[in-house]
1. Restricting to bridges with both residues inside the chain, how much of the DSSP beta-bridge set is antiparallel, in percent to the nearest 5?
2. Between GLU206 and PHE329, what is the spin-label point distance in nm, taking each point 7 Å from the Cα along the Cα→C-beta axis?
3. Residues of the stretch 415-444 with the amide nitrogen closer than 14 Å to a label point 7 Å from the Cα of HIS288, along Cα-to-Cβ, please.
4. Taking a point 7 angstrom from the Cα of HIS314 along the C-beta vector, which residues in the stretch 239-261 have backbone N less than 12 Å away?
5. Computed FRET efficiency, Cβ-Cβ of SER17 and ASN418, R0 30 Å: what is it to the nearest 0.05?
6. Name the long-range amide H neighbours of GLY11: under 5 Å, sequence gap of 5 or more, or other chain; modelled H, no Pro or chain starts.
7. Using a probe of 1.4 angstrom, how much of the accessible area of the chain is carbon and sulfur, in percent?
8. Considering the options TYR343, LEU266, ALA227, tell which one lies farthest towards the positive end of the dipole of the stretch 60-367, charges being +1 on Lys and Arg and -1 on Asp and Glu at the Cβ, about the Cα centre.
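The values are calculated or read from the model by the stated rules, or taken from the named source; none is laboratory data. Since this is a predicted model, take the numbers as computed values, not measurements. Cβ sites come from the backbone with ideal geometry, for glycine too, and all protein chains shown count toward neighbours. Surface areas here come from the heavy atoms of the whole protein model, side chains and all, with no ligands, DNA or RNA. Shrake-Rupley method; radii C 1.70, N 1.55, O 1.52, S 1.80 Å.
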Amino acid sequence: MASFDLLILNGLVVTASDIGHYDIAIKDEKIALLAPKGSLAETQAKKVIDAEGGYVMPGGVDAHVHLEEPPLFGKGRSSDTYETGTRSAICGGTTTVITFAPQSKNDPSLLSVLESTHQKAQNNCYTDYSFHILLSNPSPSVLNEFPTLRQKGISSLKIYMTYEALQLRDNEILDVLLTARQNSITTMIHAENGDILSWMTNKLEEKGLFEPKYHATSRPQLVETEATNRAITLSELIDTPMLIVHVSSPSAAEHIRNAQTRGLPLYAETCPQYLFLTRSHLSLPSFHGAKHICSPPPRTSADHPQIWLSLRNHTFTILSSDHCPFHYFDTENGKSSVRTPEYPLGRFKYIPNGIPGIETRLPLVLSAMEKDSKKLSLTKFVEVTSTNPAKLYGLYPRKGALLPGISDADLVIWYPPNTLEEWPIRNEDLHHNVDYTPYEGMMVCQWPRWTVLRGKVVWEREGEGLVGEKGWGRFVERGESTLGGRRGVGEWDVEAF
Ligand SMILES: *[C@@H]1O[C@H](CO)[C@@H](O)[C@H](O)[C@H]1NC(C)=O
């Protein structure tokens, strides 16, 4: 009788803290044993995988994913559903995603928003999943719902300092932060100064500058740096943890670093687009620049080394995709929906804003590391792509770790280092529902060979490819963040409010 469900032998196991040659045994969806390489060779199991010296890591946790959101502002509708987005995730080594349950300004309750998002995801996911609340109307009754959110396993929310339909004023941000603190909810913030960039956009349009590339012109680094600094100030006043999402600018990273040095519970995220894309991608001929429009915009190649450094040196806590998919050619809901006879290259302010990247997140970064090992260490890679997002959002150690008896058996198994000839990323090889990838033609030399979700092989690159089933992915209830919290010092007594 088989005593284990799955054995993974001869892997080079990498976690956020250790690297070593171990065999892994899995039973009842959990990691059961980690044992020295060779010691499980004779053990009985229903299935055995020989990793042949390839890296074995905790499955990726992608904590910034937009799926199946209604258009909250402007044109465009996300092309990926929960089914196609999580399918794409699993083929790129990500086993847990945190998407958004988006509230529009006239939604009176977060609980109904949460419920309708559950309905979209339920029985449709290939990965395990949870939701961040996307909060755009912090009315008193909405703030009163925070304790109920916690009971329902939701411990994070996101707010915006830009986009008319979502932007909160500073006093509203303070209301949210105070209530979030009282309920141990982690706040994520999109830090761009909405007023500056609307002003810049109007100035550009007055001069007849509408092309995609002016999206980058309208949002210089200062727009991000100012808002980042203001967000830090607001979170310091309330003394509560905050994560700045998708940081693209070295100058914003510097403010974050200074705040961290002062001991503030400040966390930050960056994304592959700020390591691999540049604003020159927005100048591609015809309308192709629109494929690279996201906010903040990709910066210059001179900024990339600084973003890598900020990952290495702890300034950035997590690396997420900010997968926000729109078709390119779709003239109804995609990027091309803004092209008209009057504006053949559209108006950049109306171009659906976001790019896909859920499947390429891990392979792009690991391939870059294999070509230049100084970029990031293997343990750091696991930390920022799996362990830290799990800790920050209350999923650890069930996710993001390989603790026997405790962690879910979520694994990504790569090829042995330096064994594959590099090849170009092609959209036709990806599994999202998007008609392009912004990374088309970029060279990679690593890809997940197998992905395992709760003990079940869901992706085998050399076999049938996608072998997971839609609906195997489950909702995961989340608790409080296990990264450092408030400092509990300050001039005023926040508890009095
Ligand atoms: C770490 O990164 C931050 C942000 O880019 C930078 O300001 C700082 O100088 C770096 N620190 C070290 C010690 O390299």
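1. 45
2. Inter-label distance under the simple model: 4.0 nm.
3. Under cut-off, by backbone N: 427, 436-442.
4. Flagged as within label range: 260-261.
5. The pair SER17/ASN418 has a calculated efficiency of 0.80.
6. TYR22, ALA51, GLY53
7. That fraction is 50 percent.
8. With unit charges placed on the Cβ atoms, the residue in question is TYR343.
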